[in-house]
Amino acid sequence: MLNLDTHILIFALCDNLTKKEKTILAKEPWSISSIVIWEITKLSQLNRIELDIDAPELSLILSNIHIWPLSLDICRVIKRLDFTGDPADEIIAATSLVHNVPLVTRDRQILKSKIVPLI
């Protein structure tokens with residue numbers, strides 16, 4: 001299973017992945033942190049993306065992706081991260097740590113992490 005950062009999920013939904021990302025995502029089931037749904041909603045509300053959280057197609061896609069809830073364990077692990085940044089990114093990275101699921105991201109700060117499991 002893979003944990004997808006928000007932008008990777010958006011790129012996948014909009015068919016804007018690199019060849020390498022497409023290959024990686026084709027090999028494993030997908031998962032996301034619950035905060036990813038919130039980020040998509042906010043980005044859509046701010047007209048920064050053209051995904052509609054109310055669209056039946058998006059609901060169908062999301063129903064086939066495992067969604068990790070925010071938990072006390074994830075909040076505790078955030079304190080151990082070796083980077084600071086956007087709180088949503090910290091939740092997403094901590095989710096990968098807690099569940100030992102590799103994170104697929106393009107985020108440069110997260111990619112520098114020595115503790116977050118990355119693909």
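The values are calculated or read from the model by the stated rules, or taken from the named source; none is laboratory data. For clarity, every value in this text was computed on a predicted model and none was experimentally measured. Methodologically, a virtual Cβ is constructed for each residue, glycine included, from the backbone with ideal geometry; neighbour enumeration extends over all protein chains shown.
Before moving on, here are some points about what is shown:
- For the range 77-86, the condition of being farther than 20 Å from M1 by Cβ, within 13 Å of the chain's Cα centre (by Cα) and in contact (Cβ under 8 Å) with a residue 24 or more places away in the chain holds for none of the residues.
- Check on I49, under 20 Å from A12 (Cα atoms), of a type outside the set (S, T, N, Q) and either at pLDDT 95 or above or over 13 Å from the mean Cα position of the chain (by Cα) (or both): yes
- Evaluated against (1) assigned to a helix (DSSP H, G or I); (2) surrounded by 13 or more Cβ atoms within 10 Å (Cβ to Cβ); (3) not aliphatic (A, V, I, L, M), F83 falls short on exactly one condition, (1).
- Some residue of the range 106-113 being farther than 27 Å from K22 by Cβ and either outside any helix (DSSP H, G or I) or β-branched (V, I, T) (or both): no
- Filtered residues of the range 1-28 (kept if touching a strand residue (DSSP E or B) at 6+ places or on another chain (Cβ under 7 Å), more than 20 Å from I74 (Cα to Cα) and part of a loop (DSSP other than H, G, I, E, B)): E28
- Given (1) in contact (Cβ under 8 Å) with a residue 12 or more places away in the chain; (2) surrounded by 12 or more Cβ atoms within 10 Å (Cβ to Cβ), number of the condition L111 does not satisfy: (1)
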